[in-house]
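To start, the structure itself, in structure tokens.
The values are calculated or read from the model by the stated rules, or taken from the named source; none is laboratory data. Computed from a predicted structure; not experimentally measured. With ideal geometry, Cβ positions are generated from the backbone for all residues, glycine too; neighbour counts draw on all protein chains shown. These accessible areas exclude ligands, DNA and RNA; they are computed on the full protein's heavy atoms, side chains included. Shrake-Rupley method; radii C 1.70, N 1.55, O 1.52, S 1.80 Å.
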Amino acid sequence: MSSLLPPPDRIWWKEPLERVELIWVAIALVWSIVMFFMMPYWHVYGKQNVSNEAYKTTPEAFKAKTEAMVEQYTVRTETAGNIPVVRPPVGDVYLLARLWEWWPILELEKDQSYRLHIASLDWQHGFSLQPANINLQVLPGYEMVVTVTPNKSGEYSIVCNEYCGIGHHRMIGKIYVTE
Amino acid sequence: MANNNEFRTCPDTGLQFHRPAETLMKLNAVVAVVFLLVGGILGLLLGLTRWPAIHLLGASDFYKVLTLHGIDVLIYWIIFFEIAVLYFTSSTLLKCRLATPRMAWLAFALMLIGAVTNNVAILQGNSSVMFTSYVPMQADPMFYLGLILFAVGALIASFVFLGTLVIARAEKTYEGSMPLVTFGALTAAIIAIFTIASGAIILIPTFLWSVGLIEGIDPIMYRVIWWAFGHSSQQINMATMVAVWYAVAAVAFGAKPLSEKMCRSAFLLYILFLQLASAHHILVDPGISSTWKIFNTSYAMYLAVLASMIHGLTVPGAIEAAQRKRGFNKGLFEWLRKAPWSNPSFSGVFLSIIIFGFLGGISGVVMGTEQINLIIHNTLYVPGHFHATVATGTTLAFMALTYWLVPVLFRRQVIFPKLASLQPYLFGLGMSGVALFMMGAGTLGIPRRHWDITFADSPLTHNFPEMANALLGFMGVSVLLAVVGGGLFCLLIVGSLLFGKRLSLTEKGETPLIAEPVTSYEGVGIGKIVAPGTLVLAMVFLTAFVLYYFINWKFLSQTWGLS
């Protein structure tokens, strides 16, 4: 009977399946399993995975760590606002997000791996590295540590892609990658 | 049956309407359409702002309108309409009186008061916090209070639905199992209860925080629980949409399910796994383990995706088999060529299935893959995806059902039938453009919820590829087309309710409003396959899915190493 009426068999569970349904379910199930196993597979063999490393932090503590790095490794400043450009050695590097800037500007070497620590000092922000198109969520109170390995030299922009108030569209930072 | 005066029998369809249920269905549906209209106008303003050549609104208005647009369309349009569907599928399809009509009125009043309170709070300007209202950004307390009142109302309505099912069973108003469409609506109601409970768990403390009674809300806790509400609420839409697909297939073709067992099992998979998922939005968040993300984002091994792929086959499959039974049994696609393409109920549902599947479904699974999300999170791709699923798929399905409800429920003829038959195509085409061009721009890194991608007032700047501007322009043109299509729908429906020719409450009308039910699919199809054309279409879908899925892994493999 039509889908608007009760089924003819009182117990719908006992109704036979159509062959076309069985064929499709089998195909769809195989595809579902393939998609599922692609994720653990990529954790083992792929080179782009989100890190599972994060720490609780406070705005003061994270700001202090970032400032220590800036003090030690600033190589020059840019723009009228004198944003420091920091060229840290391979190892831990810090980037903070606040209304409405990414601070400081980082200068990294191509094909080197850095432990990039990111946190917000106030509201939520979105780290969107362009044109590499890598996107991470940045939260206050949590310090994410992600190991990044730049694979091309050049100038990269960090756009904020989590709405963070009226200055959101002005929030932009830079990462330079040198040979 | 209680009292025969409390029921009206539709002379065209034989459906029985319990009068209090009928009134509430009408009210909920009309309020839904009003919110769709408001949401559509807001969408037009947004489209014209993100079209770089026009850039209509100022920044503060843009963020305010964006907040309102998201909530009005994703919550109010959809859920008011869903409540109408819940009452229809319980009271009307089961020929049963509505449980506690007074509580249903209370539900409606709370939902309306909540929605209006929330809208006013946003319009006052202190609550431009987006649909997601992520803490610690704070909105006006009235913003949260409005949402909570609305949620309580919707929760009561869901229990009225469940109560009606209980009464129908106790009073034996139907034999055996409930109809498939009611089963689908029950799925939606169960998901709704889970969803609204999650919403309450996070929004009530957030409200208390906004009035100063709680010191702070942890942002990760907020995101995890909020998305159990935010994403699952879209699963209510999806379950309801699929129920509407089956309903329209039955109305327009008398289609019976290929097998009750398969369709109902797929709905059971929804109940078990669909509302599991909330991780899609927190795949690139700190502090959440990959194991949980993989399990959650894949609905435990894509079992809910499997269910959607099943419905994607069984709905058009049932239409095909019914058409074949009616004599269109030649070749692979005669059933489709000879389908009633000028009937907006059919064309709306067919476009809904195609656009939901090809654009919304594929993009959703791809971007919900743990690692691929790295190149998509919070770009314009994300709204592109849900403009294909909810904004086009669900909305078209609800529009399709509405064209049928105007004569059946409101006893009016739809005005300007030629325009009505054109309307789903205009809306479907426009919205597909909106979705596709947003996804394209997102692939190029264009952020969502962003007023100025030229960064004019910023000390630093970034130049997006030229192509992105072109895509955003195309998106703007598509918005215009979609607004014409959506506006036409609102005009046609409101016009029909006010000025459409009245149909008799007792006499049958000239045009049949429901097809004779097909009782068996014996002897149709090719070989032992009753729906070979649909199977071919399904294989085309799968091919597109597989290709697009692996293309995105390829994109991902080209970016920086991350671990």
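Observations on the structure shown:
- Chain lengthening between B:Glu510 and B:Leu480 when straightened (0.36 nm per residue, less Cα-Cα): 7.2 nm
- Shielding score for B:277-287, defined as the mean number of other chain Cβ atoms within 10 Å: 5
- Other residues lying with their Cβ under 14 Å from the Cβ of B:Ala21 contribute a combined charge of +4, Lys and Arg counting +1, Asp and Glu -1.
- Chain B, accessible area per residue, ligands and nucleic acids excluded (1.4 Å, Å²): 34 Å²
- Charged neighbours of B:Arg412, selected by a Cβ distance under 10 Å, balance to +3 (K, R count +1; D, E count -1).
- Near B:Thr379, the amide H atoms lying under 5 Å from its own belong to B:Arg448; only residues 5 or more places off or on other chains count, and H is placed 1.01 Å from N.
- At R0 = 22 Å, FRET efficiency that the Cβ-Cβ distance of B:Ser60 and B:Thr461 yields, to 0.05: 0.55
- Rounded if a/c under 1.5, otherwise prolate or oblate - the stretch B:418-531, Cα gyration tensor axes: oblate
- Each of the peptides A:134-140, B:240-246, B:432-438 was scored by the mean count of other Cβ atoms within 10 Å over its residues; in descending order, highest first, they stand as B:240-246, A:134-140, B:432-438.
- Most mobile of A:Trp31, A:Trp13, A:Trp102 in a GNM of chain A (Cα contacts under 10 Å): A:Trp13
- Each label was represented as a point 7 Å from its Cα along the Cα-to-Cβ direction; for A:Phe37 and B:Val540 these points are 3.1 nm apart.
- Excluding ligands, DNA and RNA and using a 1.4 Å probe, chains B and A jointly bury around 9200 Å² of accessible surface, summed across both partners.
- Only beta bridges with both residues in the protein assembly as shown are counted; by DSSP, about 75 percent of them are antiparallel.
- Total charge dipole magnitude, the stretch B:461-526, about the Cα centre, Cβ charges on Lys, Arg, Asp, Glu only, Debye to nearest 20: 300 debye
- This model, with +1 at the C-beta of Lys and Arg and -1 at the C-beta of Asp and Glu, gives the protein assembly as shown a dipole about its Cα centre of some 2140 debye.
- Qualifying lysines (Cα of each under 30 Å from Cα of B:Lys64; at least 8 residues distant if same chain): A:Lys174
- Extended-chain gain in nm, criterion 0.36 nm per residue less alpha-carbon gap, B:Ala109 and B:Trp292: 61.9 nm
- Under 15 Å of direct C-alpha separation, and excluding same-chain neighbours fewer than eight residues apart, B:Lys256 reaches these aspartates and glutamates: A:Asp9, A:Glu15, A:Glu18, A:Glu21, B:Glu320, B:Glu516, B:Glu522.
- Surface calculation, 1.4 Å probe, protein heavy atoms: A:Lys65 sits at approximately 80 Å² accessible.
- Packing rank of B:521-529, B:349-357, where each peptide gets the mean count of other beta carbons within 10 Å, highest leading: B:349-357, B:521-529
- When the Gaussian network model of chain A links Cα atoms closer than 10 Å, the mean-square fluctuations of A:Pro104, A:Pro89, A:Pro16 top out at A:Pro16.
- For the stretch B:204-231, the residues whose backbone nitrogen is under 14 Å from a point 7 Å from the Cα of B:Asn126, taken along Cα to Cβ, are B:210-212.
- Both radii were evaluated on the Cα set of the protein assembly as shown; the Rg over Rh quotient, with Rh as the Kirkwood radius, amounts to 0.99.
- Tensor-based shape of the stretch A:52-178 (alpha-carbon gyration tensor, a/c under 1.5 rounded, otherwise prolate or oblate): rounded
- Averaged over peptide B:457-470, the number of partner chain Cβ atoms lying within 10 Å of each residue's Cβ comes to 4.
- Rounded to the nearest whole Hz, the Karplus-based 3J(HN,Hα) values (6.51 cos²θ - 1.76 cosθ + 1.60, θ = phi - 60°) of the stretch B:123-131 follow the sequence 5, 5, x, 9, 10, 7, 10, 6, 3, with x at glycine and proline.
- Amide H to amide H, with H built 1.01 Å from N, A:Glu109 comes under 5 Å of A:Thr178, counting only residues 5 or more places away or on other chains.
- Charge context of A:Asn135, other residues only, Cβ under 12 angstrom, K/R +1, D/E -1: -1
- Under 21 Å from the Cα of B:Lys293 - lysines, other chains or at least 8 residues apart: A:Lys47, A:Lys56
- Accessible-area composition of chain A, carbon plus sulfur, in percent [1.4 Å probe]: 57 percent
- If R0 equals 41 Å, the separation of the Cβ atoms of B:Leu162 and A:Ala64 corresponds to a calculated FRET efficiency of about 0.15.
- When chain A is treated as a Gaussian network with alpha carbon springs shorter than 10 Å, the biggest mean-square fluctuation among A:Val44, A:Val159, A:Val70 belongs to A:Val44.
- Peptide A:60-66 shows a mean partner chain C-beta count of 0 within 10 Å per residue C-beta.
- Sorting B:Leu336, A:Leu106 by solvent-accessible area of protein heavy atoms yields B:Leu336, A:Leu106, largest first, with a 1.4 Å probe.
- Multiplying the residue separation of B:Thr519 and B:Lys501 by 0.36 nm and removing their Cα-Cα distance gives an extension gain of 3.1 nm.
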